[in-house]
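Just so you know, all these numbers are worked out from the coordinates, no wet-lab data involved. Predicted model only: the values in this text are computed from it and were never measured. Backbone-built Cβ (ideal geometry, glycine too); neighbour counts: all protein chains shown.
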Amino acid sequence: MADRYMYIPSIGISFVRLGISQAAFGMAIWSPRLIAITMLNADSICRCTRAQVRHWHNSRTLLDHALAVYTKNAVVHYLWASTTPKTKHRDSP
């Protein structure tokens, strides 16, 4: 569930990767190869975000996805049950 909070820190990780690749390969910061690598990285992050957004619509969709991925997780089962709307039975006062 914490994957939605990782995209902002991943921007910093991308800058670190940019600095490492610049130091390791001796590329100038605006070299065409480095720009292409950066654009491919940004494109992959955007595609992952787009794929995950549909699971983040609300708590129920997020927990449905979590249950589909991790079927034997008691915490997710508990949270899923707590998001189920409580219905009033006819017999209850």
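Structure notes:
- Two-site FRET efficiency, residue 18 against residue 52, from Cβ-Cβ distance with R₀ of 30 Å, rounded to 0.05: 0.80
- Contour minus Cα-Cα distance for residue 73 and residue 86 (0.36 nm per residue): 2.5 nm
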